[in-house]
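The values are calculated or read from the model by the stated rules, or taken from the named source; none is laboratory data. As the structure is a prediction and not an experimental result, all values here were calculated from the model. No Cβ is skipped: glycine too gets one built from the backbone with ideal geometry, and neighbour counts run over all protein chains shown. Quick note on the areas: whole protein, heavy atoms, side chains included, nothing else; ligands and nucleic acids left out. Shrake-Rupley method; radii C 1.70, N 1.55, O 1.52, S 1.80 Å.
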Amino acid sequence: MVAASLLLAALAAPLALAKPSTPRGVSAARAHLYAPNKDGTWSCLTAPHVTIPHKLINDNHCHCPDGSDQPGTAACAHLRQHQLAIPGFYCHNKGWHPRYLPLNRVDDGVCDYDLCCDGSDEPKGKCPDKCAVLGKERLKEEAAARHAQAAGVEARRKLEAEAAKMVQELKAKKGGLEGEVKATEREVERLRGVLATVEEEERERVVQHTESANVLYDLATNKISALRTALKSAVETRDTAVERLQRAEEILRGLKETYNPNFNDEGVKAAVAGYENHLSTYPAPVGIDGTVHDLLEDDDAELQQAAEADGADRRKGPSEVEQLWGFTSYLPPTLQASITTWISAAKDFLVENGVLMRPETTSSSSSGEESAQLKKARESLSTAESVHNAAKKRLSDLETDIATTYGPNDVFRSLKNKCVSKDEAGYTYTLCFWGSATQKSIRDGSSVSLGDFSSFSVLDEAGIESARLAQQGIWQHIPTEATEGQAVGDVGGEEGGDGSDEVVLQYEGGLACWNGPRRSAKVRLVCRSEEGLLEVREAEKCVYEMVVGTGAVCREGSEKREGAREAGKTHDEL
Amino acid sequence: MRLQFGSDRPSGQSLAKLLTSTLLLLTTFDSVVAVKRENFKTCAQSGFCKRNRALADEAVAAGASWDPSYEIDTKSIRLGEGLFRANLEKTVEEGVKVELPIVISFLQNGGARVQVDEKRRQEGKIELRNDSKARKERYNEAAKWALVADPEIDEQADFNEKEGKVEVKWSVWQNDAVIEFKPFGVKFSRGGETHVILNERHLLNVEHWRPKPDGDDKCDSCWEETFGGNTDSKPRGPESIGMDITFPGYTHVYGIPEHASSMKLKETRGGDGQYTEPYRLYNSDVFEYETDSPMTLYGSIPFMQAHKKGFTVGVFWLNAAETWVDVTTRKDKKVTDTQTHWMSESGILDLFVFMGPNSQWLYKYYTELVGTTPIPPMFALGYHQCRWNYVSQDDVKQVDAMMDKFDIPYDVIWLDIEYTDGKAYFTWDPQTFSDPASMVSNLDYHKRKLVAIIDPHIKREQKDYTVVKELVDKSLAVKNKDGKDYDGWCWPGSSHWVDCFNVKAQDWWKAQFKFDKFKGTADNVHIWNDMNEPSVFNGPETTMPKDNIHHGDWEHRDVHNLYGMTFHEATYAAIKERNPKKPTRPFVLTRAFFAGSQRTAAMWTGDNEAKWEHLAQAVPMLLSQGIAGMPFAGADVGGFFGNPSKELLTRWYQAGAFYPFFRAHAHIDAKRREPYLVGEPYVSIIREAIKLRYSLLPALYTSFHRASWEGMPILRPMFLMFPDDEEALTIDDQFFFGDTGIIVKPVVEEGATTTKIWIPDDGIYYDYFDYTIQIGQGWGTINSPIEQIPILMRGGHIFPRKDRPRRSAELMKDDPYTIVIALSRVGAAAGVLYVDDGETFDYQNGQFLHKSFVYQSNKLTSKIVNNDPAKAKPYLKSISHVFVERVIIVGLPEGAVKEKKAKVTVGSKSWEAEIEFYEEHVGRASFAIVKNPKVPIGEEFEIELL
């Protein structure tokens, strides 16, 4: 096939020389495709069964189902992109680069200098050739862009090197950590043995010396009393909160019933919608149930009774309460451990939820119930365990960090927590890589969160996340090579379309807007030699779009993209 | 698809956070969105509606014993010159009569005009309360604003006075009328068949002036009316008018927009599936309006058509005050009559009766009176890209570039209120629109336009804002009841409203649009007039107090429904006159409208929602607009409020491609939804829908031409084309597209893969895309997966197309035509083409091409039918390079194509063109394509199949 077309080209070349008739809109390289058949006919490029007289090429009527007969007119512009066998209208653009123009822009009265600086897309005389001037400008811009690109690539390499260094350091750290984990593990084992021995002795002692049960009893009473106090205060807090909620709901109900929707006040609308939503989520008004109060009352009475009854024979043996608090001591060590963990978790839960006070004030709970020896053994083990666990955690974090790929060649690793900012329309916008985004008022210094880094994705030209990425690994998609875009309007050079997929960082969960959604930011990364926040705008309400420059996304050869983009701006200059 | 970064996220907690925020998002957008009904009056809350309805109830209750109190004073009758003039007397109580001068004009068009005034008010012999500065007369200037010309009176009308009545015969239609004296009533008939009866049920009610009695008055809400915390001082007391109009034998009435309701008007006094409230006409900014409701909306056209097999009539209740219309039916054995009851708060009674005899005549006669939609500039028929808001000039530039990048044609990008500096119109936000001139010229490079919003409320507190200063200094604003400049709230906060009832205000308004005043604008900037009901956030029913005072000392109550029209008319004039060197056709979009608005503006159906039911509601609403003579209408594609699903958005584009006015719009809280953002396959489907629109522009433009001279709608209901098809009378979810013979049935159902379509006659119909044949009157089924729009071509029609998709309409100007011929069963078809320069007024000077196409006996003949072809020469010369590139003939009879060649003849020259022929194949019609016949469109020609 290649040989054949070379042959064809070879045959066509002298013919073209003899009769230089490259059809309009066709490059010299493809001119041979338009050589006539021997009988003066010509066959459509991908539909050879359709044959037309050679002279009908570019006759401004679409004959071929693949549009190949009209490379220099708009006659086949109604065909869809996938039906077309030609890349578009070829503009020589002497003085700049050749470009293909979509067929529907040929002969439409517009000089499409962005792609056809030679004006060949319109009838002669309509669009003077501006390649001499435009081409020069653009080549200059392109050179500058290439230069910037090279600097960007250099910057990327630095980032990569820095990342590699960071990984080296992490790996070095890892060896030390592994040793630490092993050592602490051994220590834990040793202390477990100590504890087991002490416990064995202790169990016998508990059974023999009921005296100590009295101590436990007192402890339990105190404990329960403390719990009751805590619960009471929790109930009070809750009651106040419920009352406040009811008042707030009352206010909202009033707002809902009386507001005027025609004011289009987003705040009010959002409040009403939120209230309605709240009502549907919590249909019944929050009432104060009596159970807890009753329980507290009952407890008081029962406890008193129990105390009285107990007063007589509390020294006879361990009471139920004592047994309850001390029961773990009777359990086999394996069970003991898990129960203790469970109780401590439950305790933690209560503390975290404000039912119990901080451990500092309640930690004395178990101090008296065990012998000093046992306690010490337990504590030693516990300390050793936590040291060991911490070491393990550090190691696992480190391993995860090492295993995580921060982009191709780990390029993003060193950007972590680096911040860039820009002043725009009265605000300073700051973005921290993999951190948070903020908007700070220059006037009053107040700061608003635009969200924290949540994910990133790769976007196609329309700003749509490319669906095709779903099946493949992410890093393949920081495009390393030009890929054909979806857009049909932007026919690039002969090599095909320019890939312009972009890396986008998504920041979410910023300060909620009046109308509901939380602020968020979409950050497009573009190639620059230094990190910087280039553009910010609020594309739709509370959704920010930022353009951030970084070397991390620079790739060899991608300056073409920037160049093409620059070229797209030339309308302004016309 | 979003990808998680690294492995240390998200923790359970952040997952919970994420879930919560997702929930929040969902609930925010799904949360209850509903109209606030309590902000708008029901009939019972509107004093005069309640009183007039009560009167109707009393009449029904009284039955035969109902004592009508209106009669003609026989001594006062004067006949002649086509007029019946007399005093109509209202007996208030024994011996006390109120004089109501009545004039009935008999018109050359076979219709009549009935005007009733009140002598005492006319003569100003009344006292106004509360030191009001208002005029004393009943408002009598609605005609001045609504009509283009006085109706032509048939001075030859033949009057025949008899005992207790006058019989009239008039017009070329030989219509008959009987005016009965006591009780008063008028019957309009033709050939012995009565079509319209006035005051048959004796609900005529003219609330005459009387001083406010001391003490308690039984008159409900007559002297003061409070609603939503606002009190109307009603200085003239009760002054409503009401009358019943019966259409005997008529089961279907249409029109009186604007309501989010079916095309066929429903009954309004209860019953299964009927309404309990009357249709209300009181231009209002109804926030988040609901579908299937007689509630008032942004505009009003008090024109109603009544249709029955064989006849169509109409009535035009020319009154600009708040108006309510009750519709009921009376079934008597086999005959069903439709009864209507019209009630207006103030003004004279001014009623036009149109005697058809069919829809086409009705449109002609009605629009002769109120004017037609002029031929719009071509760009206005392209696709409009709008959003509240494109936030900056860079944003505009980016959207513009993306549309090109994705090969989606569009003509106009829009700027909503945020482009202004603090909502002060005629200014630009210095931060975001620092250089509007280059933005505008950038758009012009591809012949695109900008439409900027300009509303009637003028911001009060704005530094260096000369507009408000001039408005106040020149005293051109609407006044409150105390004669001070009315101060209300709208987008900018505290504002004044320009009063375009004042000619001086109109002139001043025009001056604001000069390029040196509205800086940054140019010839390709056009205007959107929103909020012109007028919308006043803190006013009663979101509008102005009724006792506000307009130029001429008329109360706002008298002119409310006209306000919006005076405003957009002034804007239209401003755009037309801003560049005297090159006057081009203005494009103005208005939200509020009245009868006559069609002359200067297009309308859209206001703030709809991104819901399937709103997509479905759009077509009936647009059909009703056409029925009322204002066919240049559209609905926001995608739905204004909320976020449409991709499917809904796509279906909406497919429907919108056929709206006369085709604009996508979105609320500021909505997600971005420019068509290139939707993702595949939707982008491609939407692109195809928009390209389809562009390819049909020549046909659409031709239909607009027809609308401009005889008022025919662009979207035509089935019953307009097939008036005798009973089934078609209620079909309002499909339509004929102009003169093309194309039936479109937009898909408005989620997940639909097939669609039922009504085939209104026994002709042959072809699928638009693949020429599959559909035959036989009745319900047909068409496949309608997401990429397909159900469209049929009716055999017998020819329409023009341009198949080269360009970036904007103007760039298609020189492109060649495709002529599509859908043959009838007997192998014939006909059609028209109208084209002009698409932007100037030269067409008014004969610079256009109007062509007929007739196909019969295997031959297409195209003739120039300009009324003055010689005059058109300069234009025809200017299009001499525009050719026909192909002729597609669908449904050829066997043997029609023998040689696969066609003979093309222009004048004395002829040549041959090639034909591609496709035999009939499994349900698909045969078709032929005449390739490149090389005939200029501006020449008369013949193409004969050989």
Review point. Across the range B:194-227, what is the total count of residues that are touching a residue at least 60 places away in the same chain (Cβ under 8 Å) and not in a loop (DSSP other than H, G, I, E, B)?
Key: 7
Check your understanding: Out of all the residues in the range B:928-939, which are open to solvent by less than 30 Å² (accessible area, probe 1.4 Å) and away from chain A (no Cβ under 14 Å)?
Key -> B:Ala928, B:Ile937, B:Gly938
Practice item. Count, please, the residues in the range B:621-648 that happen to be crowded, with 24+ Cβ neighbours inside 10 Å and assigned to a helix (DSSP H, G or I). Key: 7
Practice item. Please note which strands (runs of 3 or more DSSP E) are completely contained in the range B:756-831 and include at least 1 residues that are more than 14 Å from chain A (Cβ to nearest Cβ), under 26 Å from B:Tyr701 (Cα atoms) and not small (Gly, Ala, Ser). Key: B:764-767, B:791-794, B:797-801, B:817-822
Exercise for review: Please state which of the following conditions A:Asp289 fails to meet, knowing it meets all the rest: (1) away from chain B (no Cβ under 11 Å); (2) at pLDDT below 80; (3) open to solvent by 70 Å² or more (accessible area, probe 1.4 Å).
Suggested key: (3)
**Study point:** Within the range B:406-439, tally of residues that are over 29 Å from the mean Cα position of the chain (by Cα) and not small (Gly, Ala, Ser)
**Key:** 13
Exercise for review: List the number of the failed condition for A:Ser120; all other conditions in (1) open to solvent by 10 Å² or more (accessible area, probe 1.4 Å); (2) of a type outside the set (Asp, Glu); (3) free of Cβ contacts under 8 Å to residues at least 60 places away in the same chain hold.
Suggested key: (3)
Point to revise | Lone qualifier among B:Glu710, B:Glu727, B:Glu688, B:Glu680 - being modelled with pLDDT under 95, over 26 Å from B:Phe311 (Cβ atoms) and open to solvent by 10 Å² or more (accessible area, probe 1.4 Å) | key: B:Glu680
Review point. Is at least one residue of the range B:524-546 hydrophobic (A, V, I, L, M, F, W, C), under 17 Å from the mean Cα position of the chain (by Cα) and either part of a loop (DSSP other than H, G, I, E, B) or under 19 Å from B:Gly371 (Cα atoms) (or both)?
Key: yes
Check your understanding: Going by the structure shown, is B:Gly185 open to solvent by 30 Å² or more (accessible area, probe 1.4 Å) and over 27 Å from the mean Cα position of the chain (by Cα)?
Key -> no
**Study point:** Number of positions in the range B:648-676 that are among the hydrophobic types (A, V, I, L, M, F, W, C) and modelled with pLDDT under 95
**Key:** 2
Revision key, fill the gap. Those residues of the range B:304-339 which are open to solvent by less than 10 Å² (accessible area, probe 1.4 Å) and among the hydrophobic types (A, V, I, L, M, F, W, C) amount to B:Met304, B:Ala306, B:Val313, B:Val315, B:Phe316, B:Trp317, B:Leu318, B:Ala320, B:Ala321, B:Trp324, B:Val325, B:Val327
Review point. So which residues in the range B:41-73 are free of Cβ contacts under 8 Å to residues at least 40 places away in the same chain and assigned to a strand (DSSP E or B), if there are any at all?
Key: B:Asp73
Check your understanding: Across the range B:138-164, what is the total count of residues that are surrounded by fewer than 17 Cβ atoms within 10 Å (Cβ to Cβ) and more than 30 Å from B:Val503 (Cβ to Cβ)?
Key -> 8
Practice item. From (1) without any contact (Cβ under 8 Å) to a residue 12 or more places away in the chain; (2) over 19 Å from B:Ser69 (Cα atoms), pick out the condition that doesn't hold for B:Lys97. Key: (2)
Review point. Going through the range B:447-474 one residue at a time, which ones are within 14 Å of chain A (Cβ to nearest Cβ) and acidic (Asp, Glu)?
Key: B:Asp455
**Study point:** So B:Leu198, is it hydrophobic (A, V, I, L, M, F, W, C) and out of contact with any Phe, Trp or Tyr (no Cβ under 6 Å at 6 or more places or on another chain)
**Key:** yes
Point to revise | Cβ pairs under 8 Å, 6+ apart, first in the range B:74-94 and open to solvent by less than 30 Å² (accessible area, probe 1.4 Å), second part of a loop (DSSP other than H, G, I, E, B) | key: B:Gly82/B:Asp154; B:Gly82/B:Glu155; B:Gly82/B:Gln156; B:Gly82/B:Ala157; B:Leu88/B:Phe184; B:Lys90/B:Ser69; B:Lys90/B:His208
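Here is a yes/no grid of residues against (1) open to solvent by less than 20 Å² (accessible area, probe 1.4 Å); (2) facing chain A (nearest Cβ under 9 Å):
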{"residue": "B:Val396", "(1), (2)": "yes, no"}
{"residue": "B:Val399", "(1), (2)": "yes, no"}
{"residue": "B:Leu415", "(1), (2)": "yes, no"}
{"residue": "B:Phe433", "(1), (2)": "yes, no"}
{"residue": "B:Ala437", "(1), (2)": "no, no"}
{"residue": "B:Tyr445", "(1), (2)": "no, yes"}
Review point. Looking only at the range B:107-119, which residues are within 29 Å of the chain's Cα centre (by Cα) and farther than 17 Å from B:Tyr366 by Cβ?
Key: B:Gln115, B:Val116
Point to revise | Hits in the range A:371-422 (condition: surrounded by fewer than 14 Cβ atoms within 10 Å (Cβ to Cβ), within 13 Å of chain B (Cβ to nearest Cβ) and of a type in the set (Gly, Ala, Ser)) | key: A:Ser396, A:Ala403
Check your understanding: Given the residues B:Ala870, B:Ala896, B:Ala913, which is the only one that is surrounded by 14 or more Cβ atoms within 10 Å (Cβ to Cβ) and not in a strand (DSSP E or B)?
Key -> B:Ala896
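For every residue, the table says whether it meets (1) within 18 Å of A:Pro23 (Cβ to Cβ); (2) of a type in the set (A, V, I, L, M, F, W, C); (3) more than 10 Å from every other protein chain (Cβ to nearest Cβ); (4) under 42 Å from the mean Cα position of the chain (by Cα).
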site	(1), (2), (3), (4)
A:Thr73	yes, no, no, no
A:Trp96	no, yes, yes, yes
A:Gly109	no, no, no, no
A:Asp112	no, no, no, yes
A:Cys116	yes, yes, yes, yes
A:Asp121	yes, no, yes, no
Practice item. Go through the range B:248-300 and count every residue that is under 17 Å from the mean Cα position of the chain (by Cα) and at positive phi. Key: 2
**Study point:** Criterion violated by B:Ile686 - all others in (1) within 14 Å of chain A (Cβ to nearest Cβ); (2) part of a loop (DSSP other than H, G, I, E, B) satisfied
**Key:** (2)
Check your understanding: Quick check, is B:Phe658 in contact with a helix residue (DSSP H, G or I) (Cβ under 6 Å, 6 or more places away or on another chain) and either buried (at least 21 other Cβ atoms within 10 Å of the Cβ) or within 26 Å of B:Gly371 (Cα to Cα) (or both)?
Key -> no
Review point. How do the pairs read when you match residues in the range A:54-69 that are more than 15 Å from A:Pro87 (Cα to Cα) with residues anywhere that are of a type in the set (Gly, Ala, Ser) and surrounded by fewer than 17 Cβ atoms within 10 Å (Cβ to Cβ), using Cβ under 7 Å and keeping only pairs 6 or more apart or on different chains?
Key: A:His54/A:Gly40
Revision key, fill the gap. Reported set for the range A:48-72 where residues are assigned to a loop (DSSP other than H, G, I, E, B) and open to solvent by 10 Å² or more (accessible area, probe 1.4 Å) is A:Pro48, A:His49, A:Val50, A:Ile57, A:Asn58, A:Asp59, A:Asn60, A:Cys62, A:His63, A:Pro65
